[in-house]
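Asks: Encoded as C-alpha coordinates, here's the structure I'll be asking about.
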Amino acid sequence: MAGIQLFKAKYEVEECLAQIRECLDVGWTGLGFKTVEFENAWKAYTGLPFAHFLNSSTIGLYMAVDILKEEYGWADGDEIITTPITFVTSNHAILRSGMKAVFADIDDTMCLTPESVRERITDKTRAVMYVGLGGNMGHYYEIVKICEEHGLKLILDAAHMAGTRYKGKIPGREAEVVVYSFQAVKNLPTADSGMICFRDGRLDEIVRKKSWLGINKDTYARTQNMGNYKWRYDVEYVGEKGHGNSVMAAIGLVQLKYLDRDNAYRRQLAAWYREALGECGDKVQTVRIEEGCESSYHLFQICADNRDELMMALNAADIYPGVHYASNINYKMYSYAKGTCPYSDYVSEHTISLPMNMYVTYEDVRRICGVIRDFVNK
Ligand SMILES: *Cc1c(COP(=O)(O)O)cnc(C)c1O
(Lines give C-alpha, C1' and ligand atoms only; values in the text may rest on other atoms or scores of the structure.)
Protein backbone atom coordinates (compact mmCIF):
# COMPACT_ATOMS: atom_id res chain seq x y z
CA MET A 1 0.00 0.00 0.00
CA ALA A 2 1.52 3.27 -1.10
CA GLY A 3 1.05 6.56 0.68
CA ILE A 4 0.08 7.18 4.30
CA GLN A 5 -2.93 5.04 5.19
CA LEU A 6 -5.51 5.67 7.92
CA PHE A 7 -5.15 2.14 9.28
CA LYS A 8 -2.49 -0.47 8.79
CA ALA A 9 -2.35 -3.28 11.30
CA LYS A 10 1.03 -4.17 12.74
CA TYR A 11 1.33 -7.79 13.81
CA GLU A 12 4.08 -9.44 15.79
CA VAL A 13 4.36 -11.91 12.93
CA GLU A 14 6.73 -14.56 14.33
CA GLU A 15 4.97 -14.73 17.68
CA CYS A 16 1.56 -14.93 16.01
CA LEU A 17 2.76 -17.73 13.74
CA ALA A 18 4.16 -19.66 16.72
CA GLN A 19 0.79 -19.39 18.51
CA ILE A 20 -1.13 -20.44 15.40
CA ARG A 21 1.33 -23.31 14.84
CA GLU A 22 0.44 -24.62 18.29
CA CYS A 23 -3.20 -24.86 17.18
CA LEU A 24 -2.23 -26.67 13.99
CA ASP A 25 0.16 -29.01 15.81
CA VAL A 26 -2.43 -30.10 18.37
CA GLY A 27 -5.09 -30.28 15.65
CA TRP A 28 -7.49 -27.82 17.27
CA THR A 29 -8.46 -24.47 15.76
CA GLY A 30 -12.02 -24.27 17.15
CA LEU A 31 -13.86 -23.18 20.28
CA GLY A 32 -11.96 -23.89 23.48
CA PHE A 33 -8.15 -24.17 23.89
CA LYS A 34 -6.80 -20.73 22.80
CA THR A 35 -10.23 -19.09 23.14
CA VAL A 36 -10.24 -19.95 26.85
CA GLU A 37 -6.64 -18.78 27.21
CA PHE A 38 -7.53 -15.45 25.56
CA GLU A 39 -10.65 -15.00 27.71
CA ASN A 40 -8.53 -15.49 30.83
CA ALA A 41 -5.85 -13.12 29.57
CA TRP A 42 -8.53 -10.52 28.78
CA LYS A 43 -10.08 -10.78 32.24
CA ALA A 44 -6.65 -10.41 33.82
CA TYR A 45 -5.88 -7.37 31.64
CA THR A 46 -9.20 -5.55 32.09
CA GLY A 47 -10.14 -6.68 35.58
CA LEU A 48 -13.64 -7.45 34.27
CA PRO A 49 -15.20 -10.50 35.96
CA PHE A 50 -16.41 -12.32 32.81
CA ALA A 51 -15.33 -12.44 29.18
CA HIS A 52 -16.57 -14.55 26.30
CA PHE A 53 -14.70 -14.62 22.99
CA LEU A 54 -16.79 -14.11 19.84
CA ASN A 55 -16.31 -14.09 16.07
CA SER A 56 -17.14 -10.35 15.96
CA SER A 57 -18.22 -7.49 18.14
CA THR A 58 -21.32 -7.15 15.95
CA ILE A 59 -22.66 -10.51 17.08
CA GLY A 60 -21.75 -9.45 20.63
CA LEU A 61 -23.83 -6.28 20.47
CA TYR A 62 -26.70 -8.14 18.81
CA MET A 63 -26.71 -10.80 21.52
CA ALA A 64 -26.21 -8.22 24.29
CA VAL A 65 -29.42 -6.38 23.37
CA ASP A 66 -31.35 -9.62 22.76
CA ILE A 67 -30.29 -11.15 26.08
CA LEU A 68 -30.99 -8.01 28.12
CA LYS A 69 -34.35 -7.61 26.40
CA GLU A 70 -35.38 -11.15 27.25
CA GLU A 71 -33.86 -11.13 30.71
CA TYR A 72 -35.50 -7.87 31.80
CA GLY A 73 -38.75 -8.32 29.89
CA TRP A 74 -38.37 -5.28 27.62
CA ALA A 75 -41.14 -4.91 25.05
CA ASP A 76 -40.95 -4.28 21.32
CA GLY A 77 -40.87 -0.53 20.81
CA ASP A 78 -39.14 0.12 24.14
CA GLU A 79 -36.32 2.61 23.79
CA ILE A 80 -32.54 2.60 23.94
CA ILE A 81 -30.78 5.98 23.85
CA THR A 82 -27.84 5.97 21.48
CA THR A 83 -25.53 8.07 19.30
CA PRO A 84 -25.80 8.85 15.57
CA ILE A 85 -22.00 9.05 15.27
CA THR A 86 -21.00 5.39 15.35
CA PHE A 87 -20.57 2.36 13.14
CA VAL A 88 -24.09 1.18 12.21
CA THR A 89 -23.63 -2.01 14.24
CA SER A 90 -24.38 -0.19 17.51
CA ASN A 91 -27.77 0.98 16.22
CA HIS A 92 -28.63 -2.06 14.14
CA ALA A 93 -28.32 -4.06 17.38
CA ILE A 94 -31.20 -2.00 18.79
CA LEU A 95 -33.38 -1.98 15.69
CA ARG A 96 -33.12 -5.65 14.86
CA SER A 97 -34.17 -6.66 18.37
CA GLY A 98 -37.46 -4.81 17.82
CA MET A 99 -36.56 -1.89 20.05
CA LYS A 100 -36.39 1.79 19.14
CA ALA A 101 -33.11 3.67 18.73
CA VAL A 102 -33.60 7.13 20.26
CA PHE A 103 -30.76 9.42 19.20
CA ALA A 104 -29.13 11.83 21.62
CA ASP A 105 -26.47 14.36 20.63
CA ILE A 106 -22.72 14.42 21.10
CA ASP A 107 -20.17 17.19 21.68
CA ASP A 108 -16.52 17.73 20.80
CA THR A 109 -15.54 14.57 22.73
CA MET A 110 -17.45 12.76 19.93
CA CYS A 111 -19.44 10.97 22.64
CA LEU A 112 -22.98 11.44 24.03
CA THR A 113 -23.54 14.42 26.32
CA PRO A 114 -25.25 13.93 29.71
CA GLU A 115 -27.70 16.79 28.98
CA SER A 116 -28.88 15.29 25.73
CA VAL A 117 -29.26 11.80 27.23
CA ARG A 118 -31.31 13.21 30.12
CA GLU A 119 -33.61 15.03 27.69
CA ARG A 120 -34.36 11.81 25.80
CA ILE A 121 -35.43 9.71 28.79
CA THR A 122 -39.10 8.64 28.72
CA ASP A 123 -41.06 5.98 30.59
CA LYS A 124 -40.12 3.60 27.76
CA THR A 125 -36.37 4.08 28.07
CA ARG A 126 -34.63 0.86 29.12
CA ALA A 127 -30.96 1.38 28.35
CA VAL A 128 -28.21 3.62 27.01
CA MET A 129 -25.89 2.41 24.24
CA TYR A 130 -22.67 4.30 24.95
CA VAL A 131 -19.91 4.32 22.34
CA GLY A 132 -16.40 5.32 23.46
CA LEU A 133 -15.70 6.79 20.05
CA GLY A 134 -12.10 6.59 18.90
CA GLY A 135 -11.15 5.23 22.34
CA ASN A 136 -12.29 8.38 24.11
CA MET A 137 -14.46 7.98 27.21
CA GLY A 138 -16.17 11.36 26.87
CA HIS A 139 -18.66 11.82 29.71
CA TYR A 140 -18.84 8.11 30.52
CA TYR A 141 -18.99 8.40 34.32
CA GLU A 142 -21.77 11.01 34.16
CA ILE A 143 -23.74 8.68 31.89
CA VAL A 144 -23.16 5.88 34.42
CA LYS A 145 -24.71 8.12 37.10
CA ILE A 146 -27.72 8.95 34.92
CA CYS A 147 -28.30 5.25 34.28
CA GLU A 148 -28.14 4.51 38.00
CA GLU A 149 -30.54 7.36 38.84
CA HIS A 150 -33.09 6.23 36.26
CA GLY A 151 -32.69 2.45 36.56
CA LEU A 152 -31.37 2.15 32.99
CA LYS A 153 -29.00 -0.57 31.80
CA LEU A 154 -25.73 0.61 30.32
CA ILE A 155 -24.38 -1.13 27.21
CA LEU A 156 -20.82 -0.07 26.43
CA ASP A 157 -19.76 -0.42 22.79
CA ALA A 158 -16.04 -0.53 23.47
CA ALA A 159 -15.06 -1.42 19.90
CA HIS A 160 -12.46 1.39 19.97
CA MET A 161 -11.60 1.15 23.65
CA ALA A 162 -9.14 -1.76 23.97
CA GLY A 163 -6.62 -0.43 26.48
CA THR A 164 -8.39 2.87 27.24
CA ARG A 165 -7.93 3.77 30.90
CA TYR A 166 -9.39 6.27 33.33
CA LYS A 167 -6.96 7.36 36.06
CA GLY A 168 -4.96 4.21 35.41
CA LYS A 169 -7.89 1.79 35.47
CA ILE A 170 -9.74 0.03 32.64
CA PRO A 171 -13.38 1.19 32.71
CA GLY A 172 -16.34 -1.15 32.19
CA ARG A 173 -17.31 -2.61 35.56
CA GLU A 174 -20.07 0.03 35.79
CA ALA A 175 -21.80 -1.25 32.65
CA GLU A 176 -24.20 -4.17 32.38
CA VAL A 177 -22.23 -5.38 29.40
CA VAL A 178 -19.08 -4.28 27.53
CA VAL A 179 -18.40 -5.39 23.96
CA TYR A 180 -14.94 -5.11 22.35
CA SER A 181 -13.95 -5.52 18.70
CA PHE A 182 -10.71 -7.11 17.50
CA GLN A 183 -11.59 -6.68 13.83
CA ALA A 184 -8.82 -6.28 11.24
CA VAL A 185 -8.43 -2.48 11.53
CA LYS A 186 -9.10 -2.01 15.24
CA ASN A 187 -6.30 -1.11 17.66
CA LEU A 188 -6.09 -4.74 18.85
CA PRO A 189 -6.32 -6.43 15.45
CA THR A 190 -6.86 -10.14 14.85
CA ALA A 191 -8.82 -10.58 11.60
CA ASP A 192 -12.38 -10.79 12.87
CA SER A 193 -13.27 -11.35 16.50
CA GLY A 194 -14.65 -9.66 19.60
CA MET A 195 -15.23 -10.07 23.32
CA ILE A 196 -18.44 -9.75 25.33
CA CYS A 197 -18.10 -9.03 29.03
CA PHE A 198 -21.26 -9.24 31.13
CA ARG A 199 -21.26 -8.00 34.70
CA ASP A 200 -23.60 -10.80 35.77
CA GLY A 201 -22.19 -14.36 35.69
CA ARG A 202 -25.61 -15.75 34.88
CA LEU A 203 -25.78 -13.70 31.66
CA ASP A 204 -22.24 -14.80 30.82
CA GLU A 205 -23.44 -18.42 31.03
CA ILE A 206 -26.38 -17.62 28.77
CA VAL A 207 -24.24 -15.90 26.12
CA ARG A 208 -21.83 -18.87 26.06
CA LYS A 209 -24.74 -21.12 25.09
CA LYS A 210 -26.46 -18.64 22.77
CA SER A 211 -23.25 -17.93 20.86
CA TRP A 212 -23.10 -21.63 19.93
CA LEU A 213 -26.59 -22.37 18.67
CA GLY A 214 -27.86 -22.82 22.23
CA ILE A 215 -25.68 -25.86 22.90
CA ASN A 216 -24.66 -26.09 26.53
CA LYS A 217 -21.29 -27.80 26.27
CA ASP A 218 -17.80 -27.06 24.98
CA THR A 219 -16.63 -29.29 22.08
CA TYR A 220 -13.01 -29.25 23.13
CA ALA A 221 -13.90 -30.46 26.62
CA ARG A 222 -15.77 -33.31 24.99
CA THR A 223 -12.94 -34.35 22.65
CA GLN A 224 -10.39 -34.19 25.47
CA ASN A 225 -12.54 -36.00 27.97
CA MET A 226 -13.49 -39.34 26.49
CA GLY A 227 -15.66 -40.70 29.30
CA ASN A 228 -19.05 -42.30 28.65
CA TYR A 229 -21.76 -40.19 27.03
CA LYS A 230 -19.43 -37.21 26.60
CA TRP A 231 -20.91 -36.85 23.12
CA ARG A 232 -24.27 -35.96 24.61
CA TYR A 233 -25.32 -32.36 24.85
CA ASP A 234 -28.49 -30.45 25.41
CA VAL A 235 -29.77 -27.57 23.26
CA GLU A 236 -31.40 -24.91 25.40
CA TYR A 237 -31.93 -22.02 22.97
CA VAL A 238 -32.30 -21.23 19.28
CA GLY A 239 -28.91 -19.53 19.30
CA GLU A 240 -26.37 -17.96 16.94
CA LYS A 241 -23.10 -19.22 15.49
CA GLY A 242 -21.22 -16.43 17.20
CA HIS A 243 -18.34 -17.88 19.19
CA GLY A 244 -14.71 -17.22 18.31
CA ASN A 245 -12.04 -19.73 17.27
CA SER A 246 -8.53 -20.64 18.42
CA VAL A 247 -6.70 -19.13 15.43
CA MET A 248 -8.18 -15.67 16.08
CA ALA A 249 -7.56 -16.09 19.80
CA ALA A 250 -3.94 -17.07 19.08
CA ILE A 251 -3.39 -13.75 17.28
CA GLY A 252 -5.29 -11.88 19.99
CA LEU A 253 -3.11 -13.35 22.74
CA VAL A 254 0.03 -12.02 21.06
CA GLN A 255 -1.42 -8.62 20.13
CA LEU A 256 -2.71 -8.11 23.69
CA LYS A 257 0.87 -8.36 24.98
CA TYR A 258 1.72 -5.31 22.86
CA LEU A 259 -1.51 -3.34 23.29
CA ASP A 260 -0.19 -0.90 25.91
CA ARG A 261 2.99 -0.31 23.93
CA ASP A 262 0.98 0.34 20.75
CA ASN A 263 -1.51 2.63 22.50
CA ALA A 264 1.35 4.61 24.02
CA TYR A 265 2.65 5.23 20.50
CA ARG A 266 -0.85 6.27 19.40
CA ARG A 267 -0.91 8.82 22.22
CA GLN A 268 2.46 10.08 21.04
CA LEU A 269 1.08 10.48 17.51
CA ALA A 270 -1.93 12.37 18.91
CA ALA A 271 0.38 14.71 20.83
CA TRP A 272 2.38 15.39 17.64
CA TYR A 273 -0.83 16.04 15.71
CA ARG A 274 -2.09 18.46 18.38
CA GLU A 275 1.19 20.34 18.43
CA ALA A 276 1.38 20.67 14.64
CA LEU A 277 -2.31 21.54 14.21
CA GLY A 278 -2.02 24.22 16.89
CA GLU A 279 -0.59 26.35 14.09
CA CYS A 280 -4.01 26.26 12.34
CA GLY A 281 -5.72 28.06 15.22
CA ASP A 282 -9.48 27.58 15.42
CA LYS A 283 -9.73 26.59 11.74
CA VAL A 284 -9.07 23.02 12.80
CA GLN A 285 -10.74 21.59 15.90
CA THR A 286 -9.31 18.43 17.45
CA VAL A 287 -11.17 15.81 19.49
CA ARG A 288 -11.39 16.77 23.18
CA ILE A 289 -10.22 14.22 25.72
CA GLU A 290 -11.42 14.83 29.29
CA GLU A 291 -9.01 15.03 32.23
CA GLY A 292 -8.12 11.57 33.56
CA CYS A 293 -8.89 9.66 30.37
CA GLU A 294 -6.02 7.84 28.70
CA SER A 295 -7.52 7.19 25.26
CA SER A 296 -6.48 4.20 23.17
CA TYR A 297 -6.57 6.73 20.31
CA HIS A 298 -7.95 4.17 17.93
CA LEU A 299 -8.89 7.37 16.09
CA PHE A 300 -7.62 10.94 16.05
CA GLN A 301 -10.46 13.10 14.73
CA ILE A 302 -10.44 16.71 13.60
CA CYS A 303 -13.22 18.93 12.29
CA ALA A 304 -12.66 21.49 9.54
CA ASP A 305 -14.67 23.44 6.97
CA ASN A 306 -14.80 22.16 3.39
CA ARG A 307 -14.06 18.65 4.64
CA ASP A 308 -14.58 16.90 1.33
CA GLU A 309 -12.15 19.23 -0.47
CA LEU A 310 -9.62 18.87 2.34
CA MET A 311 -9.92 15.10 1.94
CA MET A 312 -9.15 15.49 -1.75
CA ALA A 313 -6.17 17.73 -1.03
CA LEU A 314 -4.82 15.09 1.36
CA ASN A 315 -5.45 12.31 -1.19
CA ALA A 316 -3.58 14.36 -3.79
CA ALA A 317 -0.62 14.35 -1.38
CA ASP A 318 -0.83 10.55 -1.12
CA ILE A 319 -2.43 10.70 2.34
CA TYR A 320 -5.57 8.64 2.94
CA PRO A 321 -7.58 9.57 6.04
CA GLY A 322 -11.12 8.38 6.84
CA VAL A 323 -14.45 9.59 8.25
CA HIS A 324 -15.85 8.25 11.55
CA TYR A 325 -18.70 8.54 11.02
CA ALA A 326 -21.41 9.85 8.78
CA SER A 327 -24.44 10.34 11.02
CA ASN A 328 -26.48 7.13 11.08
CA ILE A 329 -29.56 9.37 10.82
CA ASN A 330 -28.59 9.83 7.15
CA TYR A 331 -29.53 6.18 6.53
CA LYS A 332 -33.13 5.44 5.71
CA MET A 333 -33.89 3.16 8.68
CA TYR A 334 -32.89 5.92 11.12
CA SER A 335 -34.15 8.92 9.13
CA TYR A 336 -37.12 9.35 11.51
CA ALA A 337 -34.66 11.20 13.78
CA LYS A 338 -33.69 13.82 11.17
CA GLY A 339 -32.87 17.19 12.74
CA THR A 340 -32.75 15.96 16.35
CA CYS A 341 -28.96 16.00 16.78
CA PRO A 342 -27.44 19.22 15.39
CA TYR A 343 -23.88 18.75 16.68
CA SER A 344 -23.82 15.22 15.26
CA ASP A 345 -24.91 16.65 11.90
CA TYR A 346 -22.02 19.12 12.12
CA VAL A 347 -19.52 16.37 12.90
CA SER A 348 -20.92 14.18 10.15
CA GLU A 349 -20.10 16.89 7.59
CA HIS A 350 -16.81 18.16 9.06
CA THR A 351 -14.91 15.28 10.64
CA ILE A 352 -11.78 13.57 9.37
CA SER A 353 -9.88 10.75 11.08
CA LEU A 354 -6.18 11.29 10.48
CA PRO A 355 -3.79 8.37 9.86
CA MET A 356 -3.27 6.53 13.15
CA ASN A 357 -1.19 3.41 13.00
CA MET A 358 2.15 2.01 14.09
CA TYR A 359 3.82 2.88 10.77
CA VAL A 360 3.08 6.63 10.91
CA THR A 361 6.19 8.64 11.84
CA TYR A 362 6.84 12.12 13.24
CA GLU A 363 7.83 13.24 9.73
CA ASP A 364 4.52 11.86 8.38
CA VAL A 365 2.58 13.84 11.00
CA ARG A 366 4.44 17.04 10.07
CA ARG A 367 3.76 16.44 6.38
CA ILE A 368 0.04 15.65 6.92
CA CYS A 369 -0.42 18.74 9.10
CA GLY A 370 1.46 20.86 6.54
CA VAL A 371 -1.08 19.90 3.86
CA ILE A 372 -3.94 20.71 6.26
CA ARG A 373 -2.38 24.06 7.21
CA ASP A 374 -1.87 25.08 3.59
CA PHE A 375 -5.47 24.10 2.82
CA VAL A 376 -7.16 25.98 5.67
CA ASN A 377 -5.00 29.11 5.16
CA LYS A 378 -5.45 29.30 1.40
C1 LIG B 1 -15.94 -1.91 14.29
C2 LIG B 1 -17.05 -1.51 15.16
C3 LIG B 1 -18.03 -2.41 15.56
C4 LIG B 1 -18.15 -3.78 14.96
O5 LIG B 1 -17.04 -4.57 15.15
P6 LIG B 1 -16.91 -5.95 14.36
O7 LIG B 1 -15.95 -6.72 15.23
O8 LIG B 1 -16.36 -5.64 13.01
O9 LIG B 1 -18.23 -6.59 14.30
C10 LIG B 1 -18.98 -1.99 16.47
N11 LIG B 1 -19.00 -0.73 16.94
C12 LIG B 1 -18.09 0.18 16.56
C13 LIG B 1 -18.14 1.55 17.14
C14 LIG B 1 -17.10 -0.17 15.64
O15 LIG B 1 -16.21 0.73 15.22
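Asks: Non-local amide H neighbours of residue 317 (under 5 Å, H modeled in plane, Pro and chain starts lacking H): which ones?
Replies: Here the answer is none, since no amide H 5 or more places off falls under 5 Å of that of residue 317.
Asks: Where does the charge balance sit around residue 18 when Lys and Arg score +1, Asp and Glu -1, over other residues with C-beta under 11 Å from its C-beta? Can you show the working numbers first?
Replies: Numbers: positive: 21; negative: 12, 14, 15, 22, 25.
The answer is -4.
Asks: Let me ask another. I want the antiparallel fraction of DSSP beta bridges within the chain, as a percent rounded to 5. Walk me through the numbers on the way to the answer.
Replies: Numbers: 22 of 39 bridges.
Bridges in the chain that DSSP calls antiparallel: roughly 55 percent.
Asks: Next up: Short version: ³J(HN,Hα) in whole Hz for each residue of segment 262-270, in order, from phi by Karplus 6.51 cos²θ - 1.76 cosθ + 1.60 (θ = phi - 60°), x for Gly and Pro, what are they?
Replies: Going residue by residue, I get 5, 5, 4, 5, 4, 5, 5, 4, 4 Hz, with x marking Gly and Pro.
Asks: Can you sort 70, 240, 291 by 1.4 Å-probe accessible area, starting with the largest? Provide the component values of the computation, followed by the final result.
Replies: Numbers: 70 125, 240 60, 291 165 Å².
From most accessible down to least: 291, 70, 240.
Asks: At each listed q (0.07, 0.13 Å⁻¹), what is the log10 of I(q)/I(0) that the Debye formula gives for segment 13-257 modelled as equal alpha-carbon point scatterers?
Replies: Results for segment 13-257 at q = 0.07, 0.13 Å⁻¹ read -0.24, -0.78.
Asks: Taking Cα atoms, how many degrees apart are the long axis of helix 34-46 and the longest axis of the chain, rounded to 10 and kept between 0 and 90?
Replies: 50 degrees
Asks: Right, something else. Leaving out ligands and nucleic acids, note down the accessible area per residue over segment 13-257 with a 1.4 angstrom probe, in whole Å².
Replies: Values: 9550 Å² over 245 residues.
Roughly 39 Å² per residue, with all protein chains present.
Asks: While we're on this one: Considering segment 1-91, what Rg and Dmax in Å follow from its alpha-carbon atoms?
Replies: Here Rg and the maximum Cα pair distance are 18.4, 52 Å.
Asks: Quick one: helix 362-376 against the long Cα principal axis of the chain, what's the angle to the nearest 10°, folded into 0 to 90?
Replies: Its long axis makes an angle of about 50 degrees.
Asks: Just order 56-62, 76-82 by mean Cβ neighbour count inside 10 Å, highest at the front, would you?
Replies: On the way: 56-62: 25.1, 76-82: 20.4.
Ranked from most to least packed, the peptides come out as 56-62, 76-82.
Asks: In addition: Please compute, for the alpha-carbon atoms of segment 313-378, the extent along each of the three principal axes and give them in descending order in Å.
Replies: 45, 30, 18
Asks: Go through segment 113-123 residue by residue and turn each phi into a ³J(HN,Hα) via Karplus (6.51, -1.76, 1.60, θ = phi - 60°); whole Hz please, and just put x for glycine and proline.
Replies: Couplings: 9, x, 4, 5, 4, 3, 4, 8, 6, 10, 6 Hz.
Asks: What angle, in degrees between 0 and 90 and rounded to the nearest 10, separates the Cα long axis of helix 201-210 from the longest principal axis of the Cα atoms of the chain?
Replies: 80 degrees
Asks: Can you list the HN-Hα couplings for segment 188-199, worked out from phi with the Karplus curve (6.51, -1.76, 1.60; θ = phi - 60°), rounded to whole Hz and with x for Gly and Pro?
Replies: 10, x, 10, 9, 8, 5, x, 9, 10, 10, 7, 7
Asks: More than 17 Å apart: what percent of Cα pairs in segment 1-50 qualify? Provide the component values of the computation, followed by the final result.
Replies: Numbers: 702 of 1225 pairs.
Value for segment 1-50 (Cα pairs over 17 Å): 57 percent.
Asks: Quick one: with all protein chains in place, what share of the accessible area of segment 277-378 is carbon or sulfur, to the nearest percent (1.4 Å probe)?
Replies: Values: 2360 of 4650 Å².
Heavy-atom surface of segment 277-378 belonging to carbon and sulfur, 1.4 Å probe: 51 percent.
Asks: Order the peptides 261-272, 106-117 from the highest to the lowest mean number of other Cβ atoms within 10 Å of their residues.
Replies: Details: 261-272: 17.2, 106-117: 21.7.
Ranking, from highest mean packing down: 106-117, 261-272.
Asks: Here is a follow-up. When ranked by the protection proxy of mean other Cβ atoms within 10 Å per residue, highest first, what sequence do the peptides 162-169, 205-212 form?
Replies: Working: 162-169: 17.1, 205-212: 21.2.
Final packing ranking: 205-212, 162-169.
Asks: At 1.4 Å probe size, with the rest of the protein present, what percent of the exposed accessible area of segment 13-257 is carbon and sulfur atoms?
Replies: Values: 4870 of 9550 Å².
Answer for segment 13-257: carbon and sulfur cover 51 percent of the accessible area.
Asks: What accessible area per residue, rounded to a whole number of Å², is obtained for segment 288-361 using a probe radius of 1.4 Å? Kindly include the intermediate steps, with their values, before the conclusion.
Replies: On the way: 3110 Å² over 74 residues.
I get 42 Å² per residue for this part.
Asks: Here's a follow-up. Amide H of residue 212 versus every other amide H placed in the peptide plane: which residues, excluding those fewer than 5 positions away on the same chain, fall under 5 Å?
Replies: Hits under the 5 Å cutoff: 240, 242.
The values are calculated or read from the model by the stated rules, or taken from the named source; none is laboratory data. All values derive from a computational prediction rather than experimental measurement. Note that each Cβ is placed from the backbone with ideal geometry, even for glycine, and that neighbours are counted across all protein chains shown. Heads up: the accessible areas ignore ligands, DNA and RNA and are worked out on the full protein's heavy atoms, side chains in. Shrake-Rupley method; radii C 1.70, N 1.55, O 1.52, S 1.80 Å.
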